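Accompanying notes for the structure given below.
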Amino acid sequence: MGKKILVTGFTGNAGHQVALSLLDRGSAFHAAVRNVGKAKAEYGGQFQYVPFDLMDPASFDKALQGIDRVFLMYPPNACGPEWIKAFVDNCRNKGVRHIVYLSVKDVQYMPFLPHYQNEKAIQKSGISYTFLRAGYFMQNFNLFLLDEILKNNRIYVPAGKGKTSFVDVRDVADAAALVLNDPIVHRNKSYTLTGNEALTFYDAAKLLSAYTGREITYASPSSKEFQHYMRQKGTDPDFVKIAARLHMLTKYGFAKGIAEDFQKLMNKAATSLEQYFEDYREDFQKDQE
Ligand SMILES: NC(=O)c1ccc[n+]([C@@H]2O[C@H](COP(=O)([O-])OP(=O)(O)OC[C@H]3O[C@@H](n4cnc5c(N)ncnc54)[C@H](OP(=O)(O)O)[C@@H]3O)[C@@H](O)[C@H]2O)c1
């Protein structure tokens, strides 16, 4: 029997889309989850679940049984890079032959990000890899930005007039599925995945207003205001700090670069922000509260 793919972060934003994309392609994979019962109840029996906790090395052996390729994501704020290293070392010992790692655009210039160390650990392991260095996910609008959009009709991030080349996580997932199915071609390569236009959050607010039929504004707080407000709302302080830093980079123009890697890999244009808002229109309706 052929070996399979392990998809980590299956219950999350990116991992789930990777699973759907692999399902579409008819690729065999296991869905790595911390709680199999909960995942089954939520996502049904169409997936083959395997228990996996990045912070529990005792779970690695079983999760890697029959696996030769891994889609690896770093759970934000859950654990330090040492856990990724421990898992990657285990992958090497178990004969995993390729890791597709979900990284961050321009990570090579941001040693303060855990992804920087995670990439280094994967490179050092000697396992063949592909780094998908993704830009700012469009799906942030329907996840971390959603509460303010629904409650206060505003986008609340400290990015000023900086532009972002928003990428749809479904595109990232399609690229991951492509690479996982043909890893040799993409051996030890890094791809920068962005959308095909750079827009400000003012532009995004205008578009979102058009798709929701109500006025959504961009609040443009300072970094200090953002951090204070998000912390007093109860958002994890580590997340707030990283989010403030990343949006400040956006403010100073570092998030606007457009890469052609997606177009080259997939032979089609990246999803536009309009298309994303159209597809997720329901998420932004008030009755979602
Ligand atoms: N947001 C962006 O704009 C952006 C852009 C580029 C790259 N990224 C990167 O993408 C990643 C985030 O992906 P995402 O949005 O898919 O995250 P997400 O939706 O927050 O999902 C996190 C996933 O990690 C799992 N998880 C948490 N702790 C775990 C543990 N100890 N062991 C195993 N799994 C665990 C969660 O499973 P449970 O259900 O068990 O909690 C969940 O499936 C981050 O590394 C981020 O830096 C994000």
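Just so it is clear, none of the values below were taken in a lab; they were calculated from the coordinates. Not measured: the values here are computed from a predicted model. Methodologically, a virtual Cβ is constructed for each residue, glycine included, from the backbone with ideal geometry; neighbour enumeration extends over all protein chains shown.
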ask   = Does at least one position in region 187-200 carry a residue that is assigned to a helix (DSSP H, G or I) and in contact (Cβ under 8 Å) with a residue 24 or more places away in the chain?
value = no
inquiry  = Can you report the number of residues in region 160-206 which are surrounded by fewer than 16 Cβ atoms within 10 Å (Cβ to Cβ) and of a type in the set (A, V, I, L, M)?
reply    = 2
message = Six or more apart or on different chains, Cβ atoms under 8 Å: show the pairs whose first residue is in region 55-72 and surrounded by 13 or more Cβ atoms within 10 Å (Cβ to Cβ) and whose second is of a type in the set (Ser, Thr, Tyr).
response = VAL70/THR8; PHE71/THR8; LEU72/THR8; LEU72/TYR101
message = Exactly one condition in (1) surrounded by fewer than 23 Cβ atoms within 10 Å (Cβ to Cβ); (2) within 11 Å of the ligand (Cβ to nearest atom); (3) within 18 Å of ARG245 (Cα to Cα); (4) of a type in the set (A, V, I, L, M) is false for ILE155; which is it?
response = (2)
ask   = For the subset of region 98-140 comprising residues that are within 30 Å of LEU208 (Cβ to Cβ) and among the aliphatic types (A, V, I, L, M), which member is farthest from the ligand (Cβ to nearest atom)?
value = MET110
note = Of the residues in region 59-94, those that are in contact with a strand residue (DSSP E or B) (Cβ under 6 Å, 6 or more places away or on another chain), of a type outside the set (Phe, Trp, Tyr) and within 11 Å of the ligand (Cβ to nearest atom) come to SER59, ALA63, LEU72, MET73
query = Any idea which residue in region 3-18 is nearest to the ligand (Cβ to nearest atom), counting only those that are under 20 Å from CYS91 (Cα atoms) and among the small types (Gly, Ala, Ser)?
reply = GLY9
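Say whether the condition of being in a strand (DSSP E or B) and either more than 13 Å from the chain's Cα centre (by Cα) or of a type in the set (A, V, I, L, M, F, W, C) (or both) is met by at least one residue in region 139-159.
yes
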key: Extreme residue, farthest from the ligand (Cβ to nearest atom), among residues of region 20-50 that are in contact with a Phe, Trp or Tyr (Cβ under 8 Å, 6 or more places away or on another chain) and closer than 16 Å to PRO75 by Cβ   = ALA31
